[in-house]
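The block underneath contains the structure these notes are about, expressed in structure tokens.
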Amino acid sequence: VIVRGKLTTAFGNSMLYAVAATFIGLTLAALAAYVLSRNRTRFNRAIYFFIIMGIAMPTNFVTLMKVMQITHLINTQVGVILLYAASSIPFNVFLIYAFVETLPRELDEAAIIDGCSPTRLFFSVIYPLLTPVLVTAGVLNLLGVWNEFLYPLYYLNNSGYWPMTFAVFNFFG
């Protein structure tokens, strides 16, 4: 079963998709949540609500298929990783935004007075403080990507790129 079903390759693909998509999605969501939380303008509020709408809105697979074809990401591992990362961003921003609200702004001010650039402020001061919410969102994303079935069904034709869920499904019979 392991050899004929190519389960070792599928396990490696699932690990690659889950870890890479979780890392990319969490990092981008943390950056977005931090900026949107700290700079309270009407525009940033509107952007936050626009991102959060992604939680409730269904995915339009026809349009997404056309975008994937135009960008030549169909049947590639990078394409699937980017899809998983992009689909996890709304929920991650929602979680991390609420957590960033609890962090005192004095930490930002103290780091700026000490000479931190905005990038260093985020990655040296804020990012380590986000560990509890990043672990929570990371576990949820990892499990979500691992159990996802539709993206490989629509966007992967090559059996060498299939994750575990799809490899096991196609071996059934």
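Separation of the range 114-131 and the range 1-50 by C-alpha centroid, Å?
20 Å
I need the phi-derived Karplus couplings for the range 124-129: 6.51 cos²θ - 1.76 cosθ + 1.60, θ = phi - 60°, integer Hz, Gly and Pro marked x.
Karplus-based 3J(HN,Hα) across the range 124-129 equals 9, 10, 7, 4, x, 6 Hz.
Before rounding to the nearest 500, sum -39500 (n - 2.57) across all DSSP H runs of length at least 4 in the chain and divide by the residue total; then give [θ] at 222 nm in deg cm²/dmol. All intermediate terms of the calculation are to be shown ahead of the outcome.
On the way: 8 runs with 123 residues, N = 173.
Estimated from H runs of four or more residues: -23500 deg cm²/dmol.
With a cut-off of 8 Å between alpha carbons and a minimum separation of six or more residues, what is the relative contact order of the chain in percent?
Values: 160 pairs, mean separation 72.4, N = 173.
Value for the chain: 42 percent.
What ranking of D108, D114 comes out by heavy-atom accessible area, probe 1.4 Å, highest first? Walk me through the intermediate numbers first.
Numbers: D108 15, D114 130 Å².
Correct descending sequence by accessible area is D114, D108.
Tally up the carbon and sulfur contribution to the accessible surface of the chain as a whole percent, 1.4 Å probe, everything protein left in place.
Summing carbon and sulfur atoms, their accessible area is 71 percent of the total for the chain.
Between S117 and N75, what is the FRET efficiency for a Förster distance of 45 Å, r being their Cβ-Cβ separation, to the nearest 0.05?
Given R0 = 45 Å and the Cβ-Cβ separation, E is 0.65.
Roughly how many Å² is the accessible area per residue of the range 1-87, as a whole number, for a 1.4 Å probe? Before the final figure, lay out the partial values.
Values: 5330 Å² over 87 residues.
Ligands and nucleic acids excluded, the result is 61 Å² per residue.
Report the local net charge at E101: Lys and Arg +1, Asp and Glu -1, summed over other residues whose C-beta lies under 12 Å from its C-beta.
Charge balance near E101 sits at +3.
How much length, in nm to one decimal, is gained on full extension between N147 and T41, taken as 0.36 nm per residue of separation minus their Cα-Cα distance? Don't skip to the end; give the middle numbers.
Values: separation 106, 0.36 × 106 = 38.16 nm, distance 3.76 nm.
Between N147 and T41, full extension yields 34.4 nm more.
Loop only per DSSP, at most 14 neighbouring Cβ atoms within 10 Å: give me the chymotrypsin sites (Phe, Trp or Tyr not before Pro) in the range 85-173, ordered by residue number. List each step's numbers first, then the result.
Details: sites: F91, F94, Y97, F99, F122, F123, W146, F149, Y154, Y155, Y161, F166, F169, F171, F172; in loops: F149, F172.
The qualifying sites are F149, F172.
Quick check: pseudo-label points 7 Å beyond the Cα along Cα→Cβ at T59 and F171, how many nm apart are they?
Going from the T59 label point to the F171 one covers 2.4 nm.
The values are calculated or read from the model by the stated rules, or taken from the named source; none is laboratory data. Computed from a prediction, not measured in an experiment: that's the story for all the values here. Counting neighbours? That spans all protein chains shown, and the Cβs are built from the backbone with ideal geometry, glycine included. Protein only, heavy atoms only, side chains kept; ligands, DNA and RNA dropped before computing areas. Shrake-Rupley method; radii C 1.70, N 1.55, O 1.52, S 1.80 Å.
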